[in-house]
Every structure is written in structure tokens, then in C-alpha cells.
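Step one of this worksheet: look at the structure below.
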Amino acid sequence: MVTSTYPDAKRRAGQLATLFDVRGVDVGASSEEPPLTLALADNAGRRGIADFIVQLIDDLPAADDIGQGAGKQADHSLLIELANDASDEVRAEIMDIGRYMGRPLADYDALLGSLADTAAFQNHPGSLFHFLSQRLGELPPATLKLCRKWADRFATMANDMANRETAEAYDVADVVLGLYTRAEPGSTMREQCLDLVDLFVELRIGNIEKKADDTVYEPSR
């Protein structure tokens, strides 16, 4: 394990420790603490772990308490822990995760639902929504939770061009409309999407009025 005091070296050590852990490579003497444990003790090390854990999202081992076979699920506990890290730099690394989701988004439904409750999502939602807006045809149910969390926290700030949330609102609006299109008519999800559309129209954010005209226009509403 790298013991350098230089942040770049510690970050690299965290990256390697993550790679070894995910690949099941045993390194170091049995009497030593695992490299991943050592890396977690340092901010730069945790940044390295966060960087690689999102890149290896599709290779994470199954959780010990999850059944084997076709229904087994990856262990995302460390990823969620880092998404709530005290360091905003670490949290920001986690929110780059969308770039590395190589499987159908339905496979990440539980993970997306968990991310919605993290500090990382609260601080850096834009990159995830931008990614989701590129895959509107496969949005899983947990995406609605992300949209509602964003709306509760940021919607009222998204009509000021000086705010980050104004740019984010365009992607969020696309995601909401994508969910609406996929939802069954009369379903709870469709009604909740319409509630968000109404809110966005009221606040005049995300260019929602123009987008909604072609998607959700209903004379009865």
C-alpha cells in the first residue's frame, strides 16, 4: 500500500485498492489491514476509491446477504457510504456514475432509489439527470423519486439564470416527460408526473410548456 503524503499518490492508492478489491486480488500480508481500509482513512484515498467504484459499477461483487443466481444484486453499500462522505470532492466523484452504467437502466433501479437520499445527489444532481435525459426510453421507476427530490429542493430556484438549477431543470423536465410517456394511463406514476409538470409550468422552468404541449396535453386538465 502506498504510504506517500502526496495527495495524488494517495488517490492512486485508493484507485488500485478498489480495483484489487473488486477483482478479488489478495495483496499485502495477512497481518496488515486491507489496502481498501487504509485508503478509506484519507480524503484523497477516498476520492480514488469513489473514482474507480463508479467506473467498476457493473463489476461489483454481490452482497453477502443477497441470494445467488439470476436474482443476485451487487453490493452498493460502500458506494452509498461514499455518496454521503464528509468531503464534497468525494461525493462529486460518485455522481459521475451515470457514464458507466452499461446495462439496461432497470438493473440500477434500486441503486438510483438509494442515491436519491444521499448528500451527493443533493449537492450534484445535474450530471445524473443529464445522463438519464440521454436514455429516456428506459427510465426505471426510481427515476421519479429523483425528480421529486430535485423538485422539492430546487424547483423554486430554477427560474433564475444565475443559478445552476436553471440549467438542470431542462434535463429534469425531459426526464419527467420521459417517465410520463412510459407510464400506464391512469397510473399513480403518470399522475405524479403530471403534478411535477404542473409545478414546472407554474414556475416556468425547464421550457416545460413547449415540451408538454406535444406530450401531456389533456383537455380535461
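The values are calculated or read from the model by the stated rules, or taken from the named source; none is laboratory data. Predicted, not measured: the structure shown is a model, and the values here were computed from it. Using ideal geometry, Cβ is built from the backbone for each residue, glycine included, and neighbour counts are taken over all protein chains shown.
Select from region 9-51 the residues that are farther than 17 Å from L82 by Cβ and aliphatic (A, V, I, L, M) and write down the one among them that is surrounded by the most Cβ atoms within 10 Å (Cβ to Cβ).
Only one residue tops the list, namely A9.
Residues of region 13-60 being outside any helix (DSSP H, G or I), touching a Gly at 6+ places or on another chain (Cβ under 8 Å) and either closer than 30 Å to L105 by Cα or of a type in the set (V, I, T) (or both), which ones?
First pass over region 13-60, keeping only residues outside any helix (DSSP H, G or I): 24-34, 41-42, 56, 60.
Next, from what is left, pick out any that are touching a Gly at 6+ places or on another chain (Cβ under 8 Å): 34, 42.
Answer for region 13-60, where residues must be outside any helix (DSSP H, G or I), touching a Gly at 6+ places or on another chain (Cβ under 8 Å) and either closer than 30 Å to L105 by Cα or of a type in the set (V, I, T) (or both): there is none.
Which residues, counting only those in region 107-120, are within 19 Å of G137 (Cβ to Cβ) and in contact with a helix residue (DSSP H, G or I) (Cβ under 7 Å, 6 or more places away or on another chain)?
The answer is D109, L112.
Six or more apart or on different chains, Cβ under 6 Å: which pairs go from a residue in region 109-124 that's on the phi < 0 side of the Ramachandran plot to one that's of a type outside the set (D, E) and in a loop (DSSP other than H, G, I, E, B)? Could you list them?
Once the first residue is on the phi < 0 side of the Ramachandran plot and sits in region 109-124, its partners that are of a type outside the set (D, E) and in a loop (DSSP other than H, G, I, E, B) give D109/P140; L111/H76; T118/N84; A119/N84; A120/M95; H124/M95.
For region 130-164, give me each residue that is without any contact (Cβ under 8 Å) to a residue 24 or more places away in the chain and not hydrophobic (A, V, I, L, M, F, W, C). Quick ask: steps written out before the conclusion?
Filtering region 130-164 down to residues without any contact (Cβ under 8 Å) to a residue 24 or more places away in the chain leaves 134, 152, 157, 160-163.
Selection gives Q134, D152, D160, N163.
Quick one: is T215 closer than 27 Å to I57 by Cβ, touching a helix residue (DSSP H, G or I) at 6+ places or on another chain (Cβ under 8 Å) and not assigned by TED's automatic domain parsing to the domain that holds I97? Step through it out loud before you land on a result.
On the way: closer than 27 Å to I57 by Cβ: no; touching a helix residue (DSSP H, G or I) at 6+ places or on another chain (Cβ under 8 Å): yes; not assigned by TED's automatic domain parsing to the domain that holds I97: yes.
So T215 does not fit the description; no.
Only one of (1) part of a helix (DSSP H, G or I); (2) of a type in the set (A, V, I, L, M, F, W, C); (3) surrounded by 18 or more Cβ atoms within 10 Å (Cβ to Cβ) is not met by I205, so which one is it?
Condition (1) is where I205 drops out.
Exactly one condition in (1) modelled with pLDDT of 95 or more; (2) β-branched (V, I, T); (3) over 15 Å from S133 (Cβ atoms) is not met by V175; state its number.
The failed condition is (3).
State yes or no: is A119 farther than 18 Å from I80 by Cα, out of contact with any Gly (no Cβ under 8 Å at 6 or more places or on another chain) and of a type in the set (G, A, S)? Write out each step before concluding.
Working: farther than 18 Å from I80 by Cα: no; out of contact with any Gly (no Cβ under 8 Å at 6 or more places or on another chain): yes; of a type in the set (G, A, S): yes.
For A119, the condition - farther than 18 Å from I80 by Cα, out of contact with any Gly (no Cβ under 8 Å at 6 or more places or on another chain) and of a type in the set (G, A, S) - is not met.
Listed residues R91, R99; which is in a helix (DSSP H, G or I) and crowded, with 16+ Cβ neighbours inside 10 Å? Spell out how you get there, then give the answer.
Values: R99 fails: crowded, with 16+ Cβ neighbours inside 10 Å.
On inspection, the qualifying residue turns out to be R91.
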